[in-house]
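Read-outs: derived from the displayed coordinates by stated rules, not from any lab. These numbers were taken from a predicted model, which means no experiment stands behind them. Neighbour counts run over all protein chains shown; Cβ positions are idealised from the backbone, glycine included.
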Amino acid sequence: MPADLTGVTHHTATVNAIRIHYVRAGSGPPVVLLHGFPETWFAWRKQIPVLAERYTVVAPDLRGYGDTDKPVAGYDKRTMATDVLELMRHLGFSRIALVGHDRGARVGTRFAKDHRDAIDRLVTMDNIPTRVVFQSTDAALAKKYWFFYFNQVPDLPEALIAGREEIWLRHFFSNWSYNPQMLSDQEIAVYVKAYAQPGAVRGACNDYRAGGEDLAQDMVDADEPISCPTLALWGADFELVGGMFDVLEVWKGMAREVRGVAIPHCGHLPHEEQPAAVNAELLRFLEGWNG
């Protein structure tokens with residue numbers, strides 16, 4: 001593997017009525033990393049060793065993903081944020097720094113609004129909030145965000161993808177990256193194994209199928225900005241985020257205190273594609289976080 005994961009340990013915890021798999025490394029103030037689609041905790045393998053030199057790093061598989069349970073319900077972001085809250089309480093953390101990519105950023109955003117006393121700072125990575133996506137949808141956006149809607153169709157994605165997980169995953173990894181060859185065959189194989197598990201594709205799709213609930217939750221507190229310091233990172237070369245939105249302005253509408261950084265030569269997976277730049281920004285933003 002391209003990262004040293006010798007200090008990473010695997011664990012499970014039963015919280016919020018599901019069994020969550022997570023990895024842990026390092027010591028110090030807690031930093032929780034939430035992956036996006038179509039990934040698992042493994043997405044953070046290039047960040048964990050660096051952050052673990054200063055922090056206790058916890059990276060769970062979200063509900064429905066990886067080695068975490070894949071129940072039929074509970075994929076609205078309020079419930080998924082509660083998964084994270086109960087996990088941090090299980091681990092004895094009263095307050096965390098939270099880093100979320102893609103779907104993980106949606107969970108992180110809801111966490112930051114619902115549990116303001118439990119979060120010190122938030123990083124959102126290559127994400128446009130759910131409410132903004134739905135409110136901005138037109139013919140051009142719908143064409144680019146086809147997966148956003150396809151994944152919500154009942155049962156059909158699971159039927160079409162079964163046995164073809166590698167084709168499905170390679171499509172996203174190739175088309176969403178500045179360098180289509182960013183991931184090695186060995187790295188892709190890790191994801192293929194995860195998504196070939198029973199219920200794994202359904203779990204990921206259920207995450208998207210909760211979009212209506214997520215939108216309803218987001219509309220209720222749309223005028224209540226995130227109160228903790230927020231860092232928005234995005235790939236400068238990903239059309240679906242930086243190419244279609246003014247990302248910094250979007251997040252200025254979401255949080256009171258925002259810094260934004262576009263990562264050059266980078267697509268939708270900055271943590272995978274440009275880890276050195278991402279790690280530098282994370283360390284800079286986390287400086288002073290002492291628990």
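Worth a mention:
- Report summary: the helix-based calculation at 222 nm, which adds -39500 (n - 2.57) for every DSSP H run with n ≥ 4 and divides by the residues of the chain, gives -11000 deg cm²/dmol.
- Counting neighbouring beta carbons within 10 Å and listing from fewest to most, the residues Lys143, Lys70, Lys252, Lys77 come out as Lys143, Lys252, Lys70, Lys77.
- Straight-line cross-link partners of Lys113 among the lysines, defined as a Cα under 16 Å from its Cα and at least 8 positions apart when in the same chain: Lys77, Lys252.
- Quotient of the Cα radius of gyration of the chain and 2.2 N^0.38 Å, N being its number of residues: 0.91.
- Antiparallel DSSP beta bridges within the chain, percent to nearest 5: 30 percent
- Separation in nanometres of the label points that stand 7 Å from Cα toward Cβ, at Ala140 and Asn290: 4.9 nm
- Ordering Asp218, Asp126, Asp120 from the fewest to the most neighbouring beta carbons within 10 Å gives Asp120, Asp218, Asp126.
- Local electrostatic count at Leu286 - Lys and Arg +1, Asp and Glu -1, tallied over other residues with Cβ under 11 Å: 0
- Here each label is just a point 7 Å from Cα along the line to Cβ, and for Leu156 and Arg19 those points are 3.4 nm apart.
- In plain terms, the bigger the Kirkwood radius, the slower the diffusion; for region 82-215, with that radius from Cα pairs, at 25 °C and 0.890 mPa s, Stokes-Einstein puts D at 146 µm²/s.
- Cα gyration tensor, region 138-196 - rounded (a/c under 1.5), prolate or oblate: oblate
- For Asn179 and Asp4, the FRET efficiency from 1/(1 + (r/R0)^6), where r spans their Cβ atoms and R0 equals 25 Å, is about 0.65.
- Whole-number D in µm² s⁻¹ for region 1-120, Kirkwood Cα-pair radius fed into Stokes-Einstein, 20 °C, 1.002 mPa s: 153 µm²/s
- Remark: relative contact order (the chain) = 20 percent; criterion is Cα-Cα distance under 8 angstrom and separation of 6 or more residues.
- Rounded to the nearest 20 debye, dipole of region 36-82 from Cβ charges on Lys, Arg, Asp, Glu: 140 debye
- Think of each Lys and Arg Cβ as +1 and each Asp and Glu Cβ as -1; about the Cα centre, that makes the dipole of the chain roughly 380 debye.
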